[in-house]
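Following: one structure in structure tokens, then a few remarks.
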Amino acid sequence: MKIAFVGKGGSGKTTLSSLFIRYLAAQQAHVIAVDADINQHLGAALGLDEQEAAALPAMGAHLQLIKEYLRGTNPRITSAETMIKTTPPGEGSRLLRVRENNPVYDACARTVRLDDGQIRLMATGPFTESDLGVACYHSKVGAVELCLNHLVDGPDEYVVVDMTAGSDSFASGMFTRFDMTFLVAEPTRKGVSVYRQYKEYARDFGVSLRVVGNKVQGPDDLEFLRDEVGDDLLVTVGHSDWVRSMEKGRPPRFTRLEEPNRAALRTLRRSADASCARRDWVRYTRQMVHFHLKNAESWGNAKTGADLAAQVDPDFVLGGQTAGVSAPQPA
């Protein structure tokens with residue numbers, strides 16, 4: 001299943017997404033973690049040192065390879081140059097699976113070994129000084145969206161994305177690519193403001209949204225969050241000595257994470273699993289096509305010089321393929 005962690009800057013979403021990833025790995029789940037935040041701190045939160053984190057390949061730097069691979073033999077896509085971040089798959093497209101090996105993972109993913117398991121980690125790449133004035137961060141996140149559009153996941157498979165802060169993901173349809181969105185909110189007015197934005201934007205798209213209260217220190221904080229977000233409040237997380245040690249670069253073994261926080265992670269997984277069980281692949285594909293047509297009309301056709309609406313395969317539904325079985329490869 002596909003899971004997003006969102007929230008305002010400083011809310012603790014990267015820390016919580018890294019804890020959830022560690023928890024899944026400890027449960028022997030198959031996990032792909034994606035750092036799609038402009039600040040690129042997920043690697044460090046998963047235990048990489050500065051040199052290792054800096055050496056992670058940038059998905060944005062391999063966008064041409066990603067497009068060429070995913071295009072496959074799809075006759076509706078005449079070239080990789082005509083693919084944009086919302087381009088949907090169709091007959092002949094290559095699809096990604098969590099457990100497989102493929103050129104996209106070879107170029108963009110690295111294995112990270114944790115205490116009780118391992119994951120694949122991918123990163124969009126940082127927004128550098130050379131990008132100023134010539135690019136926006138959405139162009140880098142576009143590589144993630146394109147991969148999510150072509151990814152078929154099965155039971156006990158998780159793609160966990162640490163999203164950029166605030167409501168920037170609404171600049172495209174990426175917010176509809178997830179089975180569950182966990183919004184991390186502090187018990188402050190600023191902390192719940194992003195929740196209100198997400199709730200409003202996602203209202204018409206059936207997005208599963210639950211709030212994780214972070215830095216909750218007492219009954220007053222809990223009451224505030226309940227008053228502000230109501231039944232969307234799933235669970236709260238308080239102070240953690242384990243997290244404090246992790247942030248110093250000296251984390252103890254994950255088994256020593258405090259039981260109340262482990263219980264919170266179990267609740268997150270149960271909620272995500274329940275949402276995945278309600279997945280509607282037809283709606284998922286329809287939303288993909290909806291945002292592709294919007295992007296094609298607003299800027300994609302002009303940028304590529306092609307009619308991108310023609311890329312839509314009306315008979316194709318993502319998820320109609322057997323998870324774990326690779327699509328036919330072109331000769």
Worksheet entry | Selected residue (only one of Leu233, Leu293 is closer than 17 Å to Met180 by Cα and either without any contact (Cβ under 8 Å) to a residue 12 or more places away in the chain or surrounded by 13 or more Cβ atoms within 10 Å (Cβ to Cβ) (or both)) | Leu233
Worksheet item: Does the range 60-67 include one or more residues that are of a type in the set (A, V, I, L, M, F, W, C), open to solvent by less than 30 Å² (accessible area, probe 1.4 Å), closer than 23 Å to Gly7 by Cβ and touching a helix residue (DSSP H, G or I) at 6+ places or on another chain (Cβ under 8 Å)?
Response: no
Item to complete: Scan the range 147-160 and give yes if some residue there is open to solvent by 10 Å² or more (accessible area, probe 1.4 Å), of a type outside the set (Phe, Trp, Tyr), touching a residue at least 24 places away in the same chain (Cβ under 8 Å) and in contact with a Phe, Trp or Tyr (Cβ under 8 Å, 6 or more places away or on another chain), otherwise no.
Response: no
Discussion item. Consider the range 197-216. How many of its residues are modelled with pLDDT of 90 or more and either among the small types (Gly, Ala, Ser) or loosely packed, with under 13 Cβ neighbours inside 10 Å (or both)?
Written reply: 2
Discussion item. So for the range 164-176 (the condition being touching a strand residue (DSSP E or B) at 6+ places or on another chain (Cβ under 6 Å) and of a type in the set (A, V, I, L, M, F, W, C)), does at least one residue qualify?
Written reply: no
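Here is a yes/no grid of residues against (1) part of a loop (DSSP other than H, G, I, E, B); (2) hydrophobic (A, V, I, L, M, F, W, C); (3) in contact with a helix residue (DSSP H, G or I) (Cβ under 7 Å, 6 or more places away or on another chain); (4) surrounded by 19 or more Cβ atoms within 10 Å (Cβ to Cβ):
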position: Ser245; (1), (2), (3), (4): no, no, no, no
position: Pro260; (1), (2), (3), (4): no, no, no, no
position: Ala263; (1), (2), (3), (4): no, yes, no, no
position: Arg266; (1), (2), (3), (4): no, no, no, no
position: Arg283; (1), (2), (3), (4): no, no, no, no
position: Ala309; (1), (2), (3), (4): no, yes, yes, no
Worksheet item: Can you find a residue in the range 94-108 that is out of contact with any Pro (no Cβ under 7 Å at 6 or more places or on another chain) and of a type in the set (Gly, Ala, Ser)?
Response: no
Worksheet, complete the sentence: Out of (1) crowded, with 17+ Cβ neighbours inside 10 Å; (2) without any contact (Cβ under 8 Å) to a residue 60 or more places away in the chain, the one Leu46 does not meet is (2)
Worksheet item: Under 6 Å by Cβ, and 6 or more places apart or on different chains, what pairs join a residue from the range 256-267 that is on the phi > 0 side of the Ramachandran plot with one that is at pLDDT 95 or above and of a type outside the set (Phe, Trp, Tyr)?
Response: none
Fill in: Verdict on Arg110 being part of a strand (DSSP E or B) and open to solvent by 10 Å² or more (accessible area, probe 1.4 Å)
yes
Discussion item. For the structure I just gave you, tell me whether Arg253 is under 20 Å from the mean Cα position of the chain (by Cα) and open to solvent by 80 Å² or more (accessible area, probe 1.4 Å).
Written reply: no
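For every residue, the table says whether it meets (1) part of a loop (DSSP other than H, G, I, E, B); (2) aromatic (Phe, Trp, Tyr).
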{"residue": "Pro155", "(1), (2)": "yes, no"}
{"residue": "Tyr158", "(1), (2)": "no, yes"}
{"residue": "Ala165", "(1), (2)": "yes, no"}
{"residue": "Phe175", "(1), (2)": "no, yes"}
{"residue": "Val194", "(1), (2)": "no, no"}
{"residue": "Gln197", "(1), (2)": "no, no"}
{"residue": "Glu200", "(1), (2)": "no, no"}
{"residue": "Val212", "(1), (2)": "no, no"}
{"residue": "Val216", "(1), (2)": "yes, no"}
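The values are calculated or read from the model by the stated rules, or taken from the named source; none is laboratory data. Quick caveat: nothing in here was measured; it's all calculated off a predicted structure. Every residue, glycine as well, gets a Cβ built from its backbone with ideal geometry; the counts of neighbours run over all protein chains shown. Keep in mind that these areas ignore ligands, DNA and RNA; they rest on the heavy atoms of the full protein, side chains included. Shrake-Rupley method; radii C 1.70, N 1.55, O 1.52, S 1.80 Å.
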